[in-house]
Amino acid sequence: MTTKQQKVVELENVVVRFAGDSGDGMQLTGALFSDAAAIAGNDFATFPDYPSEIRAPQGTVSGVSGFQIHFGHKEIFTSGDLADVLVAMNPAPLKKNLIWVKEGGTIIVDTDTFTDKSLIKAGYEINPLDDKSLNDYNVIKAPISSLTKTSVEDMGLDNKIVMKSRNMFALGIMFFIFNRKLETADEYFEQKFAKNPLVVESNKKILRAGFNFAETIEALNSITYKVEPAALEKGKYRNITGNTATAWGLLAAAEKSGRKLFLGSYPITPATEILQELSKQKSLDAKVLQAEDEIAGIVSSIGASFAGAFAVTSTSGPGLSLKSEAIGLAVMTELPIVIVDVQRAGPSTGLPTKSEQSDLMQALYGRNGEAPAVVIAASSSSNCFYYAFEAAKIALEHMTPVILLTDGYLANGSEVFKIPKMASMPSINPPLAEANDPDYFPYKRDPEKLNRSWAVPGTPGLRHRIGGLEKENIYGNVSHDPENHQLMCELRAEKVNRVADYIKPLEVRGDDSGDLLIASWGGTYGVMIEAYKEMQEQGKKVSLAHFHNIHPLPRNTEEVFSRFKKIIVPELNLGQFVQHLRMNFQEFRFEQYNKIQGLPFMVKELVNKFNQILEEE
């Protein structure tokens, strides 16, 4: 390894995109690079982008798997619009991802894969490395495949195993360019392949081969880059995905409530990791049932809630449809349960690995009868922890089902997460009925919250029954009385409405009044912040109100809306939240901006739309 004497340029923030076939290990490469960013103290956000097939057609544009990371010295809110650096492992990812690279950006390609056959498969008529189509980019031609083989040729490894490690050669190049420590990846190899020292050694050698290659290439070794640590608050941090953060938030809620956690779920993309993460937490008294189907998952959770556990079920859009009748049962029995819906592109099977915000109407109204449930939404991978905790607190204290909406972008993406101390988390106080309480009745309600008491089976003197048939007010007997039915429907609805008294008011970023208010919700928060900041820099009177509480809405929503001349609601669907707002606030006119491509918003397209709205009479 030669001594590095190149110029080191400090950057404020960088966007890197790794792209290859589904079997090229791009998700792992991106994850390891993200870990290196975390260890270096950078703030970051990631965007895994992969096809739904288990093994998509190799070498084709439809089979490309990508991983984008935006890291920096400043606070990072999104995974970035366009990439500064693209690593393309064959022609197909180059063809698919070129539109996502900044003009003048760096493109690193494996020249060994640019064969006539692979070019045709990717849809190229002429090799893009030989024509002038890439003249606007800094193209680094690297024989990654052949150099990977050469680096471990003395180890006697099978060629198939060696070629699966090409991604580590590419990672080594990126470690050199951004002055990352190789040891961060070494630790992963040693843990992951502890029982196979040969694989550990080969991956280390290939990683260093990529690093050394970059050091000897003039196009790379003259300048490298450094991103200084972000100004993060003092504390303990880790790289966390939205699904892991959700699982941890549920565990924290179980501890603060004194109720043991039970999760009844059926595996479904992109929510399965919640099930997997909680299954590892037996030491924290978490009980996990992998049910035979979605319905069994939720009804087992309802049974656990009846038995006194903090009950949860996790799913995605198609599974939420199947759970709808059982959610109605939880509404009728007034048992606390959290339903985590990690939204994906639909309808039906749809685009299982792509993200959307298209389950909102289903979460609000997708049940028979008058069956109101609380609906809240997380807005970043890391705050999935806090909104899972809030969902639990509302469910347990108000005796109601709560639907927590995240999405595939949040669930699979990762961010820097400051691990909170449990002492700093708010208390959770379920309304548990006391043994032998002479005044206990199953549907006797707290006068403020209108919640009923939670009588855990086996508690002396509190024998009772509940079920799906309508209940007599206070006493809980089966009732077919018309007036009682209307009363109970109104009480259940008002109970949910009163949750608004216990949630935070709607916050506005920017001035309290102005020309345009951006009213967004859920997982679009990061890109909305960036777009809002850009509009502010342009001198526009634009503010942002981002919603987490969807039903009930914050009490001050009407007041906030009244102070702005125009309101625009951008969302990743065809207009579900804007319809919800129109139903509740008919006195206001809402503009809408919708995108439903399985892709997140880009800052540029939002800024263009906001300026267009401002210019209209």
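Angle between the Cα long axis of helix 183-192 and the longest principal axis of the chain, 0 to 90 degrees, nearest 10? Tilt of helix 183-192: around 60 degrees. For segment 7-226, the convex hull spanned by the alpha carbon atoms encloses 121 Å³ per residue.
Angle between the Cα long axis of helix 294-306 and the longest principal axis of the chain, 0 to 90 degrees, nearest 10? Approximately 50 degrees, to the nearest 10.
Counting 0.36 nm for each residue step from Leu351 to Glu325 and taking away their Cα separation leaves a gain of 6.9 nm. Based on protein heavy atoms only, the chain ends up with 43 Å² per residue of surface accessible to a 1.4 Å probe. Here the chain exposes an accessible surface that is 50 percent carbon and sulfur, computed with a 1.4 Å probe and the other protein chains kept in place. Shape verdict for segment 129-201, please, from the Cα gyration tensor: rounded (a/c under 1.5), prolate (a/b greater than b/c) or oblate. Oblate. Helix content alone sets the calculated 222 nm mean residue ellipticity of the chain: runs of n ≥ 4 DSSP H residues at -39500 (n - 2.57) each, divided across all residues, give -10500 deg cm²/dmol. Model label points for Gln597 and Lys421, set 7 angstrom from Cα along the Cα-to-Cβ axis, are 4.7 nm apart.
Based on the alpha-carbon set only, what is the convex hull volume of segment 238-424 divided per residue, in Å³? Taking only Cα atoms, segment 238-424 has a hull volume of 97 Å³ per residue. Placing pseudo-labels 7 Å out from each Cα toward the beta carbon at Ile217 and Glu507 gives an inter-label distance of 4.3 nm.
Once the C-beta distance of Arg555 and Glu75 is scaled by a Förster radius of 41 Å, the resulting FRET efficiency is 0.90 to the nearest 0.05. Using the Cβ-Cβ distance between Leu232 and Ile126 with R0 set to 56 Å, the FRET efficiency works out to roughly 0.75. Is segment 323-389 best put as rounded, prolate or oblate by its Cα gyration tensor, with a ≥ b ≥ c the root eigenvalues, rounded for a/c under 1.5, and otherwise prolate when a/b is larger than b/c, oblate when not? Oblate, because a/c is 1.5 or more while a/b does not exceed b/c. To the nearest 10, the accessible area of Leu553 is 20 Å² with a 1.4 Å probe. The label point for Asn436 and the one for Lys195, both projected 7 Å from the Cα toward the Cβ, are 5.6 nm apart.
With Rh defined as the Kirkwood radius, the inverse of the mean 1/r over Cα pairs, the Rg/Rh of segment 66-165 is 1.03. Per the Debye formula on identical point scatterers at the alpha carbon atoms of the chain, with no solvent, log10 I(q)/I(0) at q = 0.05, 0.06, 0.12 Å⁻¹ is -0.25, -0.36, -1.23. Given the chain, what percent of its DSSP beta bridges are antiparallel, to the nearest 5? About 35 percent, rounded to the nearest 5. Using θ = phi - 60° and the Karplus curve 6.51 cos²θ - 1.76 cosθ + 1.60, what whole-Hz ³J(HN,Hα) does each residue of segment 396-403 get, with Gly and Pro shown as x? These are the phi-based 3J(HN,Hα) values: 6, 8, 10, 6, 8, x, 10, 9 Hz.
In terms of distances greater than 22 angstrom between alpha carbons, the cross-link table entries Lys121/Lys141; Lys96/Lys226; Lys181/Lys533; Lys565/Lys609; Lys256/Lys449; Lys354/Lys421 yield Lys96/Lys226; Lys181/Lys533; Lys354/Lys421.
Using a/c under 1.5 as the rounded threshold, could you call segment 508-615 rounded, prolate or oblate? The axes a ≥ b ≥ c are square roots of the C-alpha gyration tensor eigenvalues, and prolate needs a/b larger than b/c, oblate otherwise. Verdict is oblate for segment 508-615. Mind checking the angle between helix 26-39 and the chain's longest principal axis? C-alpha axes, 0 to 90 degrees, to the nearest 10. The angle comes out at about 80 degrees.
The values are calculated or read from the model by the stated rules, or taken from the named source; none is laboratory data. Just so you know, these numbers come straight off a predicted model, no measurement behind them. Glycine also receives a Cβ, built like all others from the backbone with ideal geometry; neighbour counts cover every protein chain displayed. SASA here: full protein model, heavy atoms, side chains in, ligands and nucleic acids out. Shrake-Rupley method; radii C 1.70, N 1.55, O 1.52, S 1.80 Å.
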